[in-house]
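Colleague: Dropping a structure here in structure tokens format, bear with me for questions.
No value in this document is a laboratory result; all are computed from the given coordinates. The structure displayed is predicted, hence computed values, not measured ones. We place every Cβ from the backbone using ideal geometry, glycine too, and count neighbours over all the protein chains shown.
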Amino acid sequence: MPEAQAIALEEHFAHPEFVARYGVAGPVQALTGPLTDRLPEMDAAGIDIQVLSHAPGAAQSLPAAEAISWSERINDHLAAAIDGNRRFAGFASLPMTDPDAAARELARTVGTLGFRGAMLHGLTNGVFPDDESHFPLYAEAERLGVPIYLHPSFPHPDVMRAYYSDWTARFPMFGMAAAGFTAETMVIAIRTMLGRIPELFPNLQFILGHMGEAIPFLLERIDESLARDNGGRRFFRERFLRHFHVTTSGNFSNAALICGLSEMGADRIMFSVDWPYVANRAGRDWIDAAPLTEEQRVSILHANARRLLRLP
């Protein structure tokens, strides 16, 4: 087992009954099987803790009553599966079609189930996460001191048709991990920093996967360009660096890592794999060989996650 143990934050599971009814993308047995089945592979890759979230989209966009019921069932299922095992922690699934219920469910899962935050998957039936309907959730997350992970989901159907559909029959990933997911999530993250969220919730923390969904690479251009519409006063960089952490999930690139270090610093980067969509071993082999100081490597592998998620 590698010497330095890692915490991985974008690792997935799925509720078996939810999968039977709604389906799921990815290997069903890996997502729905007992958590203990994961331990040999985790041990071999030096992953001490997986922070688990339901495979994309969970119950987020279902009609309100169904979303509430399924979110509670999913979260209770995850808590029962963890059952005090220190090798696992949870991010809540939330019923975003009823934002007030989503805030209550976050409070319940953090306070009663010991979860460490929540994950949102893209838009909720066309509603962006920066919509004011989400503000009760953000107020609760700030009060509880837990982050919100903004995970990719499919682009808006109109965007999917206009930008991707003529190529997705040949290259399905073009509308997903190769381009669509990143473009959609990048826009979502930028939007959260344009309005009142940074002012109203100065301590709220978000997480982006995949080395920041291209924002660190574009940070200077975004900041300079938006300043042109703000009397020349820059604001985006400061807001982004105050409110966002990024993870390495599924983007094991030295170039992306160096860019993230340059723009965000090692204290805002956390290791992740994106299991089971990406192999644990691939992520661990890459981070062990990446051009990092040992202090940076420790911060990224586990120290930053322990601090942000208040893990023991």
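Colleague: Just to check I understand the Karplus step: with θ = phi - 60° and J = 6.51 cos²θ - 1.76 cosθ + 1.60, what whole-Hz values come out for the stretch 279-285, glycine and proline as x?
Modeller: Each residue's phi maps through the Karplus curve to give 7, 4, 4, 4, x, 6, 4 Hz.
Colleague: Given the options Asn304, Leu150, Ala214, identify the residue whose Cα lies farthest towards the positive end of the charge dipole of the chain (+1 on Cβ of Lys, Arg; -1 on Cβ of Asp, Glu).
Modeller: After comparing all options, I get Asn304.
Colleague: Can you tell me how the stretch 66-138 classifies by the Cα gyration tensor, rounded, prolate or oblate, using a/c under 1.5 as the rounded cut?
Modeller: In terms of gyration-tensor shape, prolate.
Colleague: Of all the C-alpha pairs in the stretch 98-161, what % are more than 13 Å from each other?
Modeller: Across the stretch 98-161, Cα pairs with separations above 13 Å total 64 percent.
Colleague: Let me ask something additional. What percentage of all Cα-Cα pairs in the stretch 189-312 are separated by more than 17 Å?
Modeller: Here the tail beyond 17 Å accounts for 58 percent of pairs.
Colleague: A further question on this structure: Per residue, how big is the convex hull of the stretch 253-312 when only Cα atoms are used? Give it in Å³.
Modeller: 91
Colleague: Take Arg86, project a point 7 Å from its Cα along the Cβ direction, then tell me which residues of the stretch 44-70 have their backbone nitrogen under 19 Å from it.
Modeller: 44-52
Colleague: Sticking with this structure for a sec: When only DSSP loop residues count, what trypsin sites (Lys or Arg not before Pro) in the stretch 168-224 have their Cβ near at most 11 other Cβ atoms within 10 Å?
Modeller: Passing both the DSSP loop test and the Cβ count: Arg170, Arg196.
Colleague: What does the C-alpha gyration tensor say about the overall shape of the stretch 66-212? Classify as rounded when a/c is under 1.5, otherwise prolate if a/b is larger than b/c, or oblate.
Modeller: Because a/c hits 1.5 or more and a/b exceeds b/c, the stretch 66-212 counts as prolate.
Colleague: Over the residues of the chain, compute the C-alpha Rg and express it relative to 2.2 N^0.38 Å.
Modeller: For the chain, the normalised Cα radius of gyration is 0.95.
Colleague: Would the stretch 163-225 count as rounded, prolate or oblate if I go by the C-alpha gyration tensor, calling it rounded below 1.5 in a/c and otherwise prolate when a/b exceeds b/c, oblate otherwise?
Modeller: Verdict is prolate for the stretch 163-225.
Colleague: Then there is this: Using only DSSP helix segments of four residues or longer, with each worth -39500 (n - 2.57), what per-residue ellipticity at 222 nm results for the chain after dividing by its residue count and rounding to 500?
Modeller: On the way: 15 runs with 135 residues, N = 312.
Per the formula, -12000 deg cm²/dmol.
Colleague: Here is a further query. Per-residue HN-Hα couplings for the stretch 23-38, Karplus 6.51 cos²θ - 1.76 cosθ + 1.60 at θ = phi - 60°, whole Hz, x for Gly and Pro?
Modeller: With coefficients 6.51, -1.76 and 1.60, one gets x, 7, 7, x, x, 4, 5, 4, 6, 9, x, x, 4, 5, 5, 7 Hz.
Colleague: Picking from Pro40, Pro198, Pro155, which is most flexible by a Gaussian network model of the chain using Cα springs under 10 Å?
Modeller: Most flexible of the set in this elastic network: Pro40.
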